[in-house]
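The values are calculated or read from the model by the stated rules, or taken from the named source; none is laboratory data. Keep in mind that what you see is a predicted model, and the values were worked out from it rather than measured. Cβ placement follows ideal geometry from the backbone for every residue including glycine, while neighbour counts extend to all protein chains displayed.
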Amino acid sequence: MNTMYFPRSCCAGVCTECASMIFEGSADQEDAMGLNYDLREKGFALLCVAYPKSDLNIVIGKVVEDDLYNDQFGKYQK
């Protein structure tokens, strides 16, 4: 088994540093306070509180974190 390390900070599903986009598969992330239902439906996930329900194909990194921030808070900025 390969070990992978993911970015994280709060480890509580709040800060979004561990943001990812799930392209295939699904994960249970009931504790992801930093994600609303619509963002979860778009495929966003917070890996620090996500429990895979199947094999996953994901993208992680700053681009995903920025996309999540813009989708969640961009409408409040001018």
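Grab the strands (runs of 3 or more DSSP E) fully contained in the chain, keeping just those with 3 or more residues being surrounded by fewer than 17 Cβ atoms within 10 Å (Cβ to Cβ) and among the aliphatic types (A, V, I, L, M). Don't jump to the end; show me each part of the working.
Numbers: elements: 19-24, 44-46, 57-60.
Where strands (runs of 3 or more DSSP E) fall fully within the chain, none carries at least 3 residues being surrounded by fewer than 17 Cβ atoms within 10 Å (Cβ to Cβ) and among the aliphatic types (A, V, I, L, M).
Across the stretch 43-71, what is the total count of residues that are among the basic types (Lys, Arg) and either modelled with pLDDT of 95 or more or in contact with a strand residue (DSSP E or B) (Cβ under 7 Å, 6 or more places away or on another chain) (or both)?
Kept after step one, since they are among the basic types (Lys, Arg), are these residues of the stretch 43-71: 53, 62.
Next, only the ones that are either modelled with pLDDT of 95 or more or in contact with a strand residue (DSSP E or B) (Cβ under 7 Å, 6 or more places away or on another chain) (or both) stay: 53.
The total comes to 1.
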